[in-house]
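Derivation of every value follows stated rules applied to the coordinates shown; laboratory data play no part. This one's a predicted model, so the numbers in the text were calculated from it and none came from an experiment. With ideal geometry, Cβ positions are generated from the backbone for all residues, glycine too; neighbour counts draw on all protein chains shown.
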Amino acid sequence: MKKLFFILMMFVPVATFAQKFGHVDTQAIMQSLPEVSRVNGELEALAKQYDNDLQASQTELQRKAEEYDKNKSTMNETKQKETEQSLNDMYTRIQQQYQQNQQDLQKAQQDKLQPIINKVRSAIETVAKTGGYVYIMEVGSVLYINEAISKDVTADVKAQLAKMK
C-alpha cells in the first residue's frame with residue numbers, strides 16, 4: 001500500500017507542491033517612510049546638541065590649559081599640581097561625556113526606530129500570510145535571488161504599511 005501511494009505521488013504535478021517565496025528590501029521601505037525621516041532629523045539634532053556641548057567643554061579645557069601655561073611660572077608647586085589635576089579631571093569628564101553621549105544616542109535611536117521596525121515587520125507578516133508565502137527573505141542578506149521563483153513583495157509591504165496608518 002505504501003508503495004502504491006508513493007508511485008501515485010510521483011505522478012502528481014510538481015505544481016501541487018509549489019511553495020511561494022518572496023523577497024523584500026526593508027532598507028528601501030524604511031527610507032520611504034516619513035516617520036524614519038522625522039526620527040533621523042531628531043537624532044541628528046540630538047547629535048548636534050551633544051557635539052556642541054562637547055565642543056564648549058573642549059574649548060573651556062583649552063582656555064584653562066592655555067591660562068595655566070601662561071601662569072605656571074608664577075605658581076607654587078602645590079598650585080601647579082592642583083591645576084594640573086583639575087585639567088586632567090576635566091579632560092576625563094569630557095571623555096566620559098563623549099562616551100555617555102554615544103550610548104544615549106544609540107539608545108535614542110533604538111527607542112525611536114523600534115516601533116517603526118515592528119510596524120514594518122507586522123506589514124511583512126501580513127503580506128506573507130495573505131499572499132501565502134512560505135518565506136520572505138531580506139534582499140540585503142541573500143546573495144542571489146531567482147526572480148522567477150521569488151517575488152519582490154516590497155511594493156506590497158509598502159501598500160500594507162499605507163493601510164496601517
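The table below lists the values:
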| quantity | calculated |
| --- | --- |
| Cβ-Cβ under 6 Å pairs, at least 6 apart or on other chains, region 35-63 side more than 30 Å from Lys119 (Cβ to Cβ), far side among the aliphatic types (A, V, I, L, M) and in a helix (DSSP H, G or I) | Ser57/Ile94; Leu61/Met90 |
| Hits in region 129-165 (condition: more than 18 Å from Met30 (Cβ to Cβ), of a type outside the set (Lys, Arg) and surrounded by 10 or more Cβ atoms within 10 Å (Cβ to Cβ)) | Thr130, Gly131, Tyr133, Val134, Tyr135, Ile145, Ile149, Ser150 |
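Here's the yes/no breakdown for (1) touching a Gly at 6+ places or on another chain (Cβ under 6 Å); (2) within 17 Å of Asp51 (Cα to Cα); (3) among the polar types (S, T, N, Q):
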{"position": "Thr92", "(1), (2), (3)": "no, yes, yes"}
{"position": "Gln96", "(1), (2), (3)": "no, yes, yes"}
{"position": "Gln100", "(1), (2), (3)": "no, yes, yes"}
{"position": "Gln114", "(1), (2), (3)": "no, no, yes"}
{"position": "Asn118", "(1), (2), (3)": "no, no, yes"}
{"position": "Gly131", "(1), (2), (3)": "no, no, no"}
{"position": "Met137", "(1), (2), (3)": "no, no, no"}
